[in-house]
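For reference, the structure is listed below as structure tokens.
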Amino acid sequence: MWIVLLLPIVAYIFIQIAICRVKSQSKYLRNVPGKRPFLIFGNLLDFLPGSIVFLDNLMGYLKTYGDTILFHDGSFSWILLSIDYEFNEFLYSSSVHIAKSDQYQFFHGWFGQGLLTSSGSTWRNHRKVITHSFHFSILLQFIDVFDSVGDNLVKKLESEAGKDSVEISQLISLYALDVICEAAMGVKIQALEAGNSEYVKSIKEMCNIVVDRVFSFISPRLYKLTWTYYREKTVLKSIHKHVEAVISKRIEEYSQKAEKGSQADEFGAKKRLAFLDMLLEARIDGKPFSRKELRDEVNTFMFEGHDTTSSALSFALFLIATHPEVQDKLFKEQTKIFPSGWKNVRPSHKQLMKMKYLDLVIKETLRLFPSVPFYGRKLAHDVEFKGILYPKGLTVGLFPYGCHRSPKYFPEPEKFIPERFENWSGKLPYAYTPFSAGPRNCIGQKFAVLEMLATLSKIVCKFKLAPAKPEHKIELAAETILISKNGVKISLEKR
């Protein structure tokens, strides 16, 4: 009986707190345009169909209301969304407004305080240490990984050659997982061979859970009462079990190496170090990474080095297949670099750097299909910009997908024109941000680009790509990364 009497009181207190919050911030945001919110739902009713309409709806809002708008993601919650160049430049380049938005809390069970989700001194210390793991000389070690795993991918694609339609995104995803597992953790999981694994399933399931939470009406305070919460616990147990087992194995191997006082094998050749090995050697204020810190960073590497790269590679292959004039230029470049051995290319770093047109293709792919279509930040203090005062704690959505498709920055933005990047260097750097920008830019972007160059080179030399039959129309969806809901389909013919 007392619960029935208490509920109206709790509801009244909640409403009063919400009203006070709205009043306190009305002086800040009253002049920011945007679609009017509807009752307790804000603007979320427009997004009931899910991630498949997210990008189109946001683009529609920007076209209707301007380059900086207020999006209501609930009754008393809102996000500032902006593709204004000057505002983007201010926020990307800031060393103060670097905290991630509240939406990143959905990753905390998975990534903990890894580079993607941490802030403050934890982020700064880890970033400083981990940056050394992506030094040029270390990245060179992984070209052999791209090559050997790439050969496995080619074998899988050969079995699909000649078919009218081949769904490539799943194969590319397994390939990218094999690469990052070997590079980040030093283990070969043979995902391409197995076709799937419990670890792969768990990662996909965790991504789906995060997306469900982003579009959920349920308050984060009530999340632990939902079935999704228990799904997440089960999935994370599987993911962490896999990563913990690898960490344990590497720690044991690392200890044995330390006892021998050398990292050389029995022939005296220095062995390749995985990112995990470098984390084991790292020190912050003289202290090694804790077991949980190791797990958080490895999980972050695995996600950022797997899903984002596989997304970019899949879209690149689709664009190459549907633009024969681009493919012809790519193939001519490859035969020029490899005049006699283009059928079985094993590019060195020097040869990869000669692939200038392929690099333009990658840049243009990431313009049209940035793997991460938006980034979230939280203002560290009140900000006055162009006559409007934005409050401390406001969530700001930086929207590279919107910037990349704005005619203000890119003429004919819907067209695939790799040549547009021939003279791009230094021009409007904050309008093109597929790897973010400023202090929180993607630490692994050079690794990702090298992997894409090596992979696309091998595939273009081995196959002639063409559109799928019947014609395949991709259905873009903004989830944890940018994906095509109905897969990515092309056809392949051996050269």
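The values are calculated or read from the model by the stated rules, or taken from the named source; none is laboratory data. None of these values were measured; they are calculated from a predicted model. Cβ sites come from the backbone with ideal geometry, for glycine too, and all protein chains shown count toward neighbours. Note: accessible area is taken over every heavy atom of the protein model, side chains too, but ligands, DNA and RNA are not part of it. Shrake-Rupley method; radii C 1.70, N 1.55, O 1.52, S 1.80 Å.
What is the stretch 196-259 by shape, rounded, prolate or oblate, if you read a ≥ b ≥ c off the alpha carbon gyration tensor as root eigenvalues and call it rounded for a/c under 1.5, prolate for a/b larger than b/c, and oblate otherwise? Note, shape of the stretch 196-259 comes out prolate. Helix 291-304 sits at what angle to the longest principal axis of the chain, using alpha carbons and giving 0 to 90 degrees rounded to 10? Approximately 80 degrees, to the nearest 10. For the listed peptides 141-152, 328-339, a ranking on the average number of other beta carbons within 10 Å per residue, highest first, reads 141-152, 328-339.
Under 5 Å from the amide H of Ser165 lie the amide H atoms of Lys469, each residue being 5 or more positions distant or on a separate chain, with H modelled from the backbone and absent for Pro and chain starts. Here the chain is treated with +1 on each Lys and Arg Cβ and -1 on each Asp and Glu Cβ, and its dipole about the Cα centre works out to around 520 debye.
Grab the other residues whose beta carbon is less than 11 angstrom from that of Pro220, score K and R as +1, D and E as -1, and report the net. Each step should come with its number before you reach the end.
Numbers: positive: Arg213, Arg221, Lys224; negative: Asp102.
Net charge in that neighbourhood comes out at +2.
Reported to the nearest whole Å, the Cα centre-to-centre distance from the stretch 31-55 to the stretch 182-228 is 26.
Could you provide, to the nearest whole Å², the per residue accessible area of the chain with probe 1.4 Å? Before the final figure, lay out the partial values.
On the way: 23820 Å² over 495 residues.
So the chain comes to 48 Å² accessible per residue, rounded to a whole number.
If you line up the long axis of helix 143-158 against the longest principal axis of the chain, both from Cα atoms, how many degrees apart are they, to the nearest 10? So the helix axis and the longest Cα principal axis differ by about 90 degrees. Against the chain, whose longest principal axis comes from its Cα atoms, helix 198-214 is set at around 30 degrees.
Could you size up the charge dipole of the stretch 169-258 around its Cα centre, putting +1 on the beta carbon of Lys and Arg and -1 on that of Asp and Glu, and report it in debye to the nearest 20? Before the final figure, lay out each step's value.
Values: 13 positive and 10 negative charges, 85 e Å.
The calculated dipole for the stretch 169-258 is roughly 420 debye.
Peptides 361-374, 480-493 ranked from most to least packed, by the mean per-residue count of other Cβ atoms within 10 Å: 361-374, 480-493.
Count charges around Thr335 for me, please; just the other residues with Cβ under 12 Å from its Cβ, Lys/Arg as +1, Asp/Glu as -1.
Values: positive: Lys329, Lys332, Lys336, Lys343, Arg495; negative: Asp328, Glu333.
That sum, taken over residues with Cβ under 12 Å, equals +3.
Given the choices (i) 71, 53, 44; (ii) 97, 57, 47; (iii) 77, 58, 43, Cα extents along the principal axes in Å derived from the coordinates of this structure is entry (iii).
What ranking, highest mean first, results for peptides 275-282, 198-205, 467-474, 84-91 when packing means the other Cβ atoms within 10 Å averaged over each residue?
Per-residue mean Cβ counts within 10 Å order the peptides as 275-282, 84-91, 198-205, 467-474.
Backbone phi angles across the stretch 276-288, fed through the Karplus curve with coefficients 6.51, -1.76 and 1.60 (θ = phi - 60°), yield HN-Hα couplings of 4, 4, 5, 5, 5, 7, 6, 9, 10, 6, x, 10, x Hz in residue order; Gly and Pro are listed as x. In the chain, the DSSP-assigned H stretches of four residues or longer account for a calculated mean residue ellipticity at 222 nm of -15500 deg cm²/dmol, using -39500 (n - 2.57) per stretch and the full residue count as denominator. Think of the stretch 293-362 as having a plus end and a minus end, set by charges on the Cβ of Lys, Arg, Asp and Glu; of Phe331, Phe318, Phe303, Phe331 sits farthest toward the positive end of this dipole.
Once you list every other residue whose beta carbon is under 15 Å from the beta carbon of Lys469, what net charge do they have if Lys and Arg are +1 and Asp and Glu are -1?
Local net charge: -1.
Placing unit charges on the Cβ atoms only, positive for Lys and Arg and negative for Asp and Glu, gives the stretch 56-105 a dipole magnitude near 100 debye about its Cα centre.
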